[in-house]
Amino acid sequence: MASNAALQWKSGRGWLIFSGGNTYGSPIRAEALARLKPSGHVAYISFAPDEGDTLMDDMEDLGAPSGYLVEVEGRTDDEVINDLKDASLVVLESSDDLEPMLEGLSQAVINGLEEAFQNGAVILIEGLGINLFGRWIMTDGGELIDGLNWVENGFLEPNEGGAEASYAIQAVVNDIPQSIAVSISPGSALALGFGGILQVLGQAHVTITVGSAYES
């Protein structure tokens, strides 16, 4: 795990960029492109109603390298992993509901993302999808289940008002002493890099709230 103070995340040679959601004129996608390794394609995984069309058009306008939408259903594990592992950038776009992404991120997708990250890729996760990469996930029905734990003991949520405006963050922090809640507003992002590098991007509306285990 890489770390910066209390925050620890999966070790890899690339970047993890957690975006609260794309907004008009936001620089976050351009910031992701600026971090690309010299070679490799862009892989898109989208659960949006338009299946990533708007996302891919915007990335092309920003000068992204050639890329394609990764189909995650009806394919072998090896096919999915091969689509992802050599990418220079993987963009995960969620819909307004978390459940489709929960169901669609198979173990093959997760393995492919991990290989890409270990190989130096930028992994950009936008919107509700950031919730999956913490230690805990709050489902659409309010149930707390296990996440991928790429941010150790983290609970990641996109929202406008920070911890004070989020019932989910308050519940997790109050009930789980070792939790670290990260609230990221649309138009803002948290970038985690190799060697403990931590950066706040865009509008920089990122709030970190810790449980009682971290209180002195």
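The values are calculated or read from the model by the stated rules, or taken from the named source; none is laboratory data. Here the structure is a predicted model, which is why all the values come from computation and not from measurement. Heads up, the Cβs are rebuilt from the backbone with ideal geometry, glycines too, and the neighbour counts pull from every protein chain shown. Remember, those area values only see protein heavy atoms, side chains included, never the ligands or the DNA or RNA. Shrake-Rupley method; radii C 1.70, N 1.55, O 1.52, S 1.80 Å.
With every protein chain present, what accessible area does THR76 have (1.4 Å probe, heavy atoms only), rounded to the nearest 10 Å²?
The accessible area of THR76 comes to roughly 80 Å².
Among ARG35, ARG75, ARG29, what's the order by accessible area (1.4 angstrom probe), most exposed first?
The ordering from most to least exposed comes out as ARG75, ARG35, ARG29.
What 222 nm value per residue comes from the helices of the chain, counting each DSSP H run with n ≥ 4 as -39,500 (n - 2.57) and dividing by all residues, nearest 500 deg cm²/dmol? Each step should come with its number before you reach the end.
Numbers: 6 runs with 52 residues, N = 216.
Dividing the helical sum by the residues of the chain leaves -6500 deg cm²/dmol.
Evaluate the distance, in nm, between pseudo-label points positioned 7 Å from the Cα of ALA34 and of GLU99 along their respective Cα→Cβ axes.
4.0
Testing the spin-label approximation: label points 7 Å from Cα along Cα→Cβ at GLU215 and SER66. State their distance in nm.
Here the answer is 5.7 nm between the modelled labels.
Please state the relative contact order of the stretch 13-214 as a whole percent: Cα pairs under 8 Å, 6+ residues apart? Show your work: numbers first, answer last.
Working: 459 pairs, mean separation 51.7, N = 202.
Worked out over the stretch 13-214, it gives 26 percent.
Of SER11, SER95, which has the most accessible area with a 1.4 Å probe, and how do the rest follow in descending order?
SER11, SER95
Using a/c under 1.5 as the rounded threshold, could you call the stretch 1-124 rounded, prolate or oblate? The axes a ≥ b ≥ c are square roots of the C-alpha gyration tensor eigenvalues, and prolate needs a/b larger than b/c, oblate otherwise.
Note, shape of the stretch 1-124 comes out rounded.
So what does LYS37 come to for accessible area, using a 1.4 Å probe and Å² rounded to 10?
Number for this one is 50 Å².
What whole-number volume per residue, in cubic angstrom, does the convex hull of the C-alpha atoms of the stretch 52-133 give?
95
Note the full-extension length gain between ASP57 and GLU73 as 0.36 nm times their separation in residues minus their Cα-Cα distance, in nm to one decimal.
Working: separation 16, 0.36 × 16 = 5.76 nm, distance 2.28 nm.
This chain segment gains 3.5 nm when fully extended.
Quick query: amide H of VAL122 versus all other amide H atoms, modeled in the peptide plane; which residues come in under 5 Å with a sequence gap of 5 or more or a different chain?
It is TRP15, LYS37, LEU89, VAL90, by chain and number.
Mind ranking TYR68, TYR24, TYR167 by accessible surface for me, highest first, 1.4 Å probe?
From most exposed to least exposed: TYR24, TYR167, TYR68.
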